[in-house]
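Data block below; observations after.
The values are calculated or read from the model by the stated rules, or taken from the named source; none is laboratory data. Remember, it's a predicted structure, so these values are computed and weren't measured experimentally. Note that each Cβ is placed from the backbone with ideal geometry, even for glycine, and that neighbours are counted across all protein chains shown. When the accessible area is computed, the model is the full protein with side chains, heavy atoms only, and any ligands, DNA or RNA have been set aside. Shrake-Rupley method; radii C 1.70, N 1.55, O 1.52, S 1.80 Å.
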Amino acid sequence: MKRNGTNNIREVAKRTIAVEAAAINDLQQFIDADFEKVVELVAQGKGRLVVTGIGKSAIIAQKIVATLNSTGTPALFMHAADAIHGDLGMIRQEDIVMCISKSGSSAEIKVLVPLVKNFGNTLIAMVGNTDSFLAAEADYVLNTTVSQEACPNNLAPTTSTTAQLAMGDALAVCLIEWHGFTAADFAKFHPGGALGKKLYLKVADLSKQHQAPKVLINSSLREVIVEISSGMLGVTAVLDEKELLKGIITDGDLRRMLEKNVATASVTAKDIMSLHPKMIQQDELAINALEMMRRNDITQLLVMDGERYTGIIHLHDLIREGII
């Protein structure tokens, strides 16, 4: 494809994706007894999985480590070049070491592998050449052989690193299922940002930031307007003398009432309120409140503690927290 020839750009991009997709699909044949044993060893190990590599494989190793740590499997990245200049000290006796390499025969790998073996740590090879030095020395081999790189010169690591990444994800997901790692567990490791908030932020965390607007069922129109205005939420709950919820009044209900030109002096909350308001329990996740608002095309929900009204959660609360 010439530099200025745009006609083939889409074809080249599609071919790249097709080549890499086929390579990932072919990995299924390499999910063997060694893979199964690696999952068992890491899952039952008392130490960490130390993942190492050189070049592009080192970058993939960092991603695998990040995925494992965030899903409950303690892992550590060690650059193969730095390892032989002091970083080997991070390896503990109970750790398992996984070395990632396409060729399995780079100079750094040939220096590093005997040192790890001398420490007595179990060595896992994630390697694209099962006849390599690394594969021969490893206790277990995760085969990431690919037939070709997506690079037109069959040189730049493209398909091979994609295969490494997919194999690492397969390992991580198996460990997730082994440990029964749940969304609640995931939230413990992701407390920051919108993702974390979706997993742990409760309705009560937001509704308690407001006063709980409420009027009695026989409150006057003026009292209703004052309560809605003071809360600045565009809504108030309507309760009876026993503090039981009877309905809801929104600023829209007020507008519709005024459009009817009724005699406002005698209007009470009971005359305006809507029955059967949409409610959510205070211990529900805030993201569930958002889903309920979307389903019903509304901007607020009454928050309940069992049968007791405790407040309001508004769409603006969710926007402010970055959940939307």
Next item on the list: Might you report the magnitude of the Cβ-based charge dipole of the range 269-324 about its Cα centre, with Lys and Arg at +1 and Asp and Glu at -1, to the nearest 20 debye?
Entry: 160 debye
Notebook entry, point to check: DSSP H helices in the chain with Cα extent of 20 Å or more along the helix axis and mean Kyte-Doolittle hydropathy at least 0.0?
Noted result: 9-26, 56-70, 159-179
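Can you tell me the relative contact order of the chain? Whole percent, Cα pairs under 8 Å, sequence separation 6 or more. Present the calculation step by step, with values, prior to reporting the outcome.
Numbers: 531 pairs, mean separation 44.5, N = 324.
This gives 14 percent for the chain.
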Next item on the list: For ALA75, enumerate residues with amide H under 5 Å from its amide H, sequence gap 5+ or separate chain, H modeled in the peptide plane.
Entry: LEU49, ASN69
Check: Of GLY231, ILE248, LEU290, whose Cα points farthest to the positive end of the dipole of the range 195-309 (charges on the beta-carbon: +1 Lys, Arg; -1 Asp, Glu; origin at the Cα centre)?
Finding: LEU290
Checklist line | Stretch gain in nm, segment ASP131-ILE17, where the contour uses 0.36 nm per residue and the Cα spacing is subtracted | finding: 38.3 nm
Next item on the list: May I ask for the equivalent-ellipsoid semi-axes of the chain, computed as the square root of five times each C-alpha gyration tensor eigenvalue and listed largest first in whole Å?
Entry: 61, 24, 15
Notebook entry, point to check: What is the log10 of I(q)/I(0) for the range 1-151, computed with the Debye formula using one identical point scatterer on each Cα and no solvent, at q = 0.19 Å⁻¹?
Noted result: -1.15
Checklist line | Debye-sum result for the range 236-324 in log10 I(q)/I(0), which assumes one identical scatterer on each alpha carbon, at q = 0.15, 0.21, 0.22, 0.23 Å⁻¹ | finding: -0.63, -1.03, -1.09, -1.14
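Please report, as a whole percent, how much of the solvent-accessible surface of the range 132-249 comes from carbon and sulfur atoms (probe radius 1.4 Å). Please list the in-between numbers first.
On the way: 3340 of 5920 Å².
Ligands and nucleic acids excluded, carbon and sulfur reach 56 percent.
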Notebook entry, point to check: What does the convex hull of the Cα atoms of the range 92-193 come to per residue, in Å³, rounded to a whole number?
Noted result: 152 Å³
Checklist line | Taking only Cα atoms of the range 100-258, radius of gyration then Dmax in Å | finding: 31.3, 86
Margin query: Tell me which of ALA183, LEU216, THR161 sits at the most positive position along the dipole axis of the range 121-231, charges placed on C-beta atoms (Lys, Arg +1; Asp, Glu -1).
Written below: LEU216
Next item on the list: Find how many whole Å separate the alpha carbon centroid of the range 10-60 from the alpha carbon centroid of the range 126-140.
Entry: 14 Å
Check: When we measure straight from the Cα of LYS198, which lysines land under 24 angstrom away, once same-chain ones fewer than 8 places off are left out?
Finding: LYS63, LYS188, LYS208, LYS278
Next item on the list: Give the residues of the range 235-257 whose amide nitrogen is closer than 13 Å to a point set 7 Å from the Cα of MET279 in the direction of its Cβ.
Entry: 237-240, 243-248
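Taking the Cα centre as origin and putting +1 on Lys and Arg beta-carbons and -1 on Asp and Glu beta-carbons, what dipole magnitude results for the range 53-171, to the nearest 20 debye?
Details: 6 positive and 10 negative charges, 27 e Å.
Dipole magnitude for the range 53-171 comes out near 120 debye.
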Check: Expressed as cubic angstrom per residue, what is the convex hull volume of the alpha carbon set of the range 1-89?
Finding: 152 Å³
Next item on the list: Only Lys, Arg, Asp and Glu count, each charged at its Cβ (+1, +1, -1, -1), so figure out the dipole size of the range 169-309 about its Cα centre, rounded to 20 debye.
Entry: 300 debye
